[in-house]
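Structure first, then comments.
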Amino acid sequence: MAQATVGVTNIAEGVHRSVRRTLLLEKGAEGSTTTGITGLVYSSIRGTTGLVSKAIEKALLAIEASLSEPEGAGPDSESYQAIVAALNGVIGDQLAANANPLATTMSFQYPSHADGDKILLVIHGLCMNDLQWTTMHEDVQVNHAQAVAKACGFTPVYLRYNTGRGIEVNGAELNEKLEDLFATWPTPIKQIHVLAHSMGGLVMRSAAHQAEAAGGKKLWRRKLKRIAFLGTPHHGAPLEKAGHWIDILLGGTPFSKPFLALTKMRSQGINDLRHGLNHPLPKRVAILAIAACTMAKRSLAADKLSGDGLVSINSALGIDLGLGAGSTEVFFKMNHMQLLSRPEVGVRLIKFFS
């Protein structure tokens, strides 16, 4: 158990550092360990785990204690939230099953004074959280959700959830929470639009499918107008499908390197990425599926496997879902995480939601 805990910690730290590096929040030599207070937190986890050599619960208590210490690593800090998000992505289903305090509880994040009648629901991807929609591009802060909301008169509502739980489980909870949101929102909501990155798109699709299965009883579903998917693996992720030789394809992609260690220890959320979803797209809803490609042009390998480094072009475009040419877009020389920061993506999103 202790070895497994150390392994999980290494993966979680690698994910955290690689995401920060890709978003230009961390600089330095290549490697899987973080620096500063974050590095000290992970080092503490490993050290504590090695000393106690007991069940994973003790190691997780050590994580919680370390994260609660000062120097900017408190529960309200971005560093704390990023570490917890990464940990939840890797073993979040186990954390939730054991009622561990580190398990992320699904919630909506928005200002207390928010009361607009047009909502933009913003859903993050695997091992991430709502704060990471704000990123950097060429020393300029970028947040596609804020840009879309400002241009289109929407009120952004960010979803925070445990990405280690099963996609259908998260979809079911989101379905119910959206109905509660509509019931308690200060102003009657006329429209809801959705911007989802990666796994977030699958969670949204699951929620919509379960709402439709209820026979149109959900008010939020009747008000759903548009969904934009950024790098969503509709037909699954090559990371899960391709086997151990995927190391060759993804090993050079900074943000995907930590995931290569997930050979045996995978959360249900990660396992669910293997096949994507079989549900049809929501009915009577405008759809935009955006894919990224690390290459300068499309190729058979990019379409079916490599794509943005994590998701193939075909999977991100949902080629078997019946989307027309006007409902899809491919951006080149761009990876999975850069979908969140590149200005041209923001321009396309504003055009779609306007």
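The values are calculated or read from the model by the stated rules, or taken from the named source; none is laboratory data. Quantities reported herein were computed from a predicted structural model and do not represent experimental measurements. No Cβ is skipped: glycine too gets one built from the backbone with ideal geometry, and neighbour counts run over all protein chains shown. Accessible surface is based on the protein model in full, side chains and every heavy atom, while ligands, DNA and RNA are left aside. Shrake-Rupley method; radii C 1.70, N 1.55, O 1.52, S 1.80 Å.
Given the structure, is H113 of a type outside the set (D, E) and free of Cβ contacts under 8 Å to residues at least 40 places away in the same chain? Here the answer is yes, as H113 does meet what is asked. For the range 308-354, taking the residues that are in a helix (DSSP H, G or I) and small (G, A, S), the one that is most open to solvent (accessible area, probe 1.4 Å) is identified as A325. A151 falls short of the stated requirement of being surrounded by fewer than 19 Cβ atoms within 10 Å (Cβ to Cβ), closer than 20 Å to G231 by Cβ, at pLDDT 95 or above and more than 15 Å from the chain's Cα centre (by Cα).
Exactly one residue out of I167, I189 is in contact with a Lys or Arg (Cβ under 9 Å, 6 or more places away or on another chain), of a type outside the set (F, W, Y) and within 18 Å of S267 (Cβ to Cβ), and it is I167.
Restricting attention to the range 232-242, the residues being at pLDDT below 50 and either in a helix (DSSP H, G or I) or among the polar types (S, T, N, Q) (or both) number 1.
The number of residues in the range 129-148 being more than 16 Å from F108 (Cβ to Cβ) and open to solvent by less than 20 Å² (accessible area, probe 1.4 Å) comes to 4. Can you pull out every residue in the range 167-198 that is part of a loop (DSSP other than H, G, I, E, B) and surrounded by 17 or more Cβ atoms within 10 Å (Cβ to Cβ)? W185, I189, S198, listed by residue number. Among the residues examined, A301 does not qualify as farther than 25 Å from D130 by Cα, open to solvent by 40 Å² or more (accessible area, probe 1.4 Å) and assigned to a loop (DSSP other than H, G, I, E, B). Being in a loop (DSSP other than H, G, I, E, B) and surrounded by 16 or more Cβ atoms within 10 Å (Cβ to Cβ) is the requirement here; does L126 meet it? It is true that L126 is in a loop (DSSP other than H, G, I, E, B) and surrounded by 16 or more Cβ atoms within 10 Å (Cβ to Cβ).
Being part of a helix (DSSP H, G or I), open to solvent by less than 40 Å² (accessible area, probe 1.4 Å), touching a Lys or Arg at 6+ places or on another chain (Cβ under 9 Å) and aromatic (F, W, Y) is not true of F229.
Rundown of residues vs (1) within 28 Å of A97 (Cβ to Cβ); (2) modelled with pLDDT of 90 or more, yes/no style:
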{"site": "T163", "(1), (2)": "yes, yes"}
{"site": "I167", "(1), (2)": "yes, yes"}
{"site": "W185", "(1), (2)": "no, yes"}
{"site": "S206", "(1), (2)": "yes, yes"}
{"site": "L219", "(1), (2)": "no, yes"}
{"site": "K225", "(1), (2)": "no, yes"}
{"site": "H244", "(1), (2)": "no, no"}
{"site": "G252", "(1), (2)": "no, no"}
